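For reference, the structure discussed in these notes is given below.
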Amino acid sequence: MARLSPKIDLSMRPKREDPAGRSFNIALDTAKIGAWELDINTNALFASEECKALFGVGPDEPFDAQRAFELIHPDYRDAVQNGFRTALENNTQYLSEYCITQPNGSVRWLSSIAVRDPGAAKMLGVTIDVTERKRARDILQQLSSARSTSERSLIKP
């Protein structure tokens, strides 16, 4: 079973400088996608600057899986960790949506997806901010509920 509390921080790892790597990095930065890589054998974590920013962590601050899991809201933490372990153990895709509390106290919703690299003992993933989508969905649900309530009150004799 994988241990999810790495002690090594490789967040300062340089970005790829070849043309394909530069294009890839520009695409990730433009889309506000955080990329990360977890070495399953050593538990070393590489997280892009954008990934760190999604968690509210500065580019020069240390960031490892333990800190990431600590920032996940306690109501979601166990489910996220269990889902990650299950994906590692079963060599399946990992997909999770969860709430975090950033170090500054703001609450964000993130979605992460990852796969195990078949050529290495690594889990490769991306994380995006879905806070606005969640807020929009909540507003739509509230409006729908209010509409239903209004319609019921009009129908009553």
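The values are calculated or read from the model by the stated rules, or taken from the named source; none is laboratory data. Treat the numbers as computed from the prediction; the structure is a model and nothing was measured. Neighbour counts are summed over all protein chains in view; Cβ atoms, including those assigned to glycine, are modelled from backbone coordinates with ideal geometry.
For this structure, a couple of remarks:
A quick yes/no check of all residues on (1) under 18 Å from THR101 (Cα atoms); (2) surrounded by 15 or more Cβ atoms within 10 Å (Cβ to Cβ):
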residue: ARG22; (1), (2): no, no
residue: ASP39; (1), (2): no, yes
residue: SER48; (1), (2): no, yes
residue: PHE55; (1), (2): yes, yes
residue: GLY58; (1), (2): yes, no
residue: GLU61; (1), (2): yes, no
residue: ARG67; (1), (2): yes, yes
residue: LEU71; (1), (2): yes, yes
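- The numbered conditions (1) over 24 Å from THR131 (Cα atoms); (2) within 17 Å of the chain's Cα centre (by Cα) are all true for ARG22 except (2).
- Which numbered condition ARG108 misses (of (1) over 21 Å from ASP75 (Cβ atoms); (2) among the basic types (Lys, Arg); (3) within 13 Å of the chain's Cα centre (by Cα)): (1)
- Taken together, GLU97, GLU37, GLU49 contain a single residue that is under 18 Å from LYS122 (Cα atoms) and either out of contact with any helix residue (DSSP H, G or I) (no Cβ under 9 Å at 6 or more places or on another chain) or modelled with pLDDT of 85 or more (or both), which is GLU37.
- When the range 62-119 is filtered for residues that are farther than 19 Å from VAL130 by Cα and of a type in the set (Val, Ile, Thr), the ones remaining, listed by number, are THR86, THR92, VAL115.
- ARG116 being surrounded by 15 or more Cβ atoms within 10 Å (Cβ to Cβ), of a type in the set (D, E, K, R) and within 21 Å of LEU38 (Cα to Cα): yes
- Filtered residues of the range 84-111 (kept if of a type outside the set (Phe, Trp, Tyr), buried (at least 17 other Cβ atoms within 10 Å of the Cβ) and under 17 Å from ILE40 (Cα atoms)): ALA87, LEU88
- Pair list, Cβ under 9 Å, 6 or more apart: the range 116-141 residue within 19 Å of CYS51 (Cβ to Cβ) and in contact (Cβ under 8 Å) with a residue 12 or more places away in the chain, other residue part of a loop (DSSP other than H, G, I, E, B) and of a type in the set (D, E, K, R): ILE128/LYS32; ASP129/LYS32
- Residue within the range 67-79 that is out of contact with any Gly (no Cβ under 9 Å at 6 or more places or on another chain), of a type in the set (A, V, I, L, M) and in contact (Cβ under 8 Å) with a residue 24 or more places away in the chain present: yes
- Options LEU71, LEU110, LEU140, LEU95; residue that is in contact with a Cys (Cβ under 9 Å, 6 or more places away or on another chain) and among the aliphatic types (A, V, I, L, M): LEU110
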